[in-house]
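What follows is a single structure, written as structure tokens, with notes after it.
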């Protein structure tokens with residue numbers, strides 16, 4: 001070794017990143033609250049510096065986008081039900097580390113067959129039979145769209161991310177083709193059964209979207225219990241952590257992959273059913289509204305806990321509706337309002353880093369564990 005090398009002094013880095021052993025629930029809440037507060041401060045600087053508007057006034061308008069009257073709150077709950085339903089559908093697959101990016105297509109296929117049942121059987125079947133047929137058809141269509149990539153993954157280890165993503169485009173093309181055939185170059189089927197309202201969910205207590213909300217609440221509890229307390233949920237967890245460990249434990253990995261994606265696709269199909277029968281009463285290539293991709297953020301941030309998904313979904317819907325209200329009231333273009341919501345999302349996503357890792361500054365050694373590590 002040369003003399004120069006011997007005299008080289010390795011300087012300790014200014015900061016090191018160390019993985020946390022596990023943050024407590026109060027710590028997680030505190031980090032996220034601080035992140036949101038910092039985001040609001042940065043947004044306030046942006047709003048005043050770029051538009052000259054009073055940030056507090058803008059935030060008040062943003063709040064009013066959801067809470068100013070019962071109708072707007074009802075619309076927010078409607079959108080929340082859709083986003084949360086898709087997030088719930090993704091939870092089992094994501095917990096298994098099967099990256100299902102095809103929720104958009106699975107929702108579209110569920111919505112398409114629901115619309116077809118309404119068109120061809122809406123005036124011939126009693127209402128209970130019609131709704132049951134619509135539900136079964138939507139579940140079958142969504143499950144089929146989830147089964148195809150799962151089969152290829154289980155038997156030939158294909159890339160599920162690309163496969164499910166491509167299935168979205170196939171589903172969109174099928175919906176476009178069917179609407180063109182049935183309506184003649186139209187982008188949607190129009191309002192289905194407008195005169196008879198056959199296949200429309202009835203209003204309950206004066207609210208049009210009550211059934212949607214009730215169904216999603218039931219799914220929230222059911223999927224949480226399924227993942228946390230059932231044998232299938234345990235198998236999903238083991239497969240997600242290590243397929244080799246799962247095989248060693250006697251778990252049929254192929255069966256778990258296919259079964260889980262059938263469930264994921266089926267719930268997406270139910271979401272399509274809710275959109276067509278309880279929300280839009282039509283089907284088009286944009287019926288899912290991009291929520292299939294937004295739900296990925298919901299599932300990831302919530303760590304596949306459906307109750308956390310409800311909170312995160314509400315936050316995203318609140319931001320979306322608030323941004324639309326800001327744009328309308330202040331005549332701002334969509335880019336400015338997208339920046340406002342984007343800053344908040346950036347800070348929320350960034351807070352996950354500080355939940356999972358901590359910074360060790362120069363001269364401050366990390367605390368030793370009981371094992372001395």
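Just so it is clear, none of the values below were taken in a lab; they were calculated from the coordinates. It should be emphasised that the depicted structure is a prediction, and the values quoted were computed from it without experimental measurement. Ideal geometry is used to build each Cβ from the backbone, glycine not excepted, and the neighbour counts take in all protein chains shown.
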Over 24 Å [Cα-Cα, segment 9-133], rounded percent: 67
Potential lengthening between residue 194 and residue 234 on full extension [0.36 nm per residue; Cα-Cα distance subtracted]: 9.8 nm
Top of 47, 181, 213 by mean-square fluctuation, Gaussian network on the chain, Cα under 10 Å: 181
Cα centroid separation, segment 264-288 to segment 313-363 (Å): 27
Using alpha-carbon coordinates, inclination of helix 160-183 to the longest axis of the chain, degrees: 20
Taking 37, 315 and counting other C-beta atoms within 10 Å, the order from fewest to most: 37, 315
Length released on extending from residue 27 to residue 205, taking residue separation times 0.36 nm less the Cα-Cα span: 60.0 nm
Cα principal axis extents for segment 218-322, largest first, Å: 49, 26, 22
Relative exposure of 158, 220, 337, 71, judged by other C-beta atoms within 10 Å (fewest first): 71, 158, 220, 337
Computed FRET value (nearest 0.05) for residue 121 with residue 293, which takes r as the C-beta separation and R₀ as 35 Å: 0.60
Order of 237, 282, 164 under a 10 Å beta carbon neighbour criterion, fewest first: 237, 282, 164
Helix 231-241 vs. the chain, principal-axis angle (Cα, 0 to 90°, nearest 10): 50
Cα-only radius of gyration and Dmax that characterise the chain, units Å: 24.3, 94
Relative contact order (%) - segment 196-328, alpha-carbon pairs under 8 angstrom, separation at least six: 23
Computed FRET value (nearest 0.05) for residue 15 with residue 152, which takes r as the C-beta separation and R₀ as 45 Å: 0.50
Simple spin-label estimate for residue 221 and residue 68 in nanometres, 7 Å along Cα-Cβ: 3.5
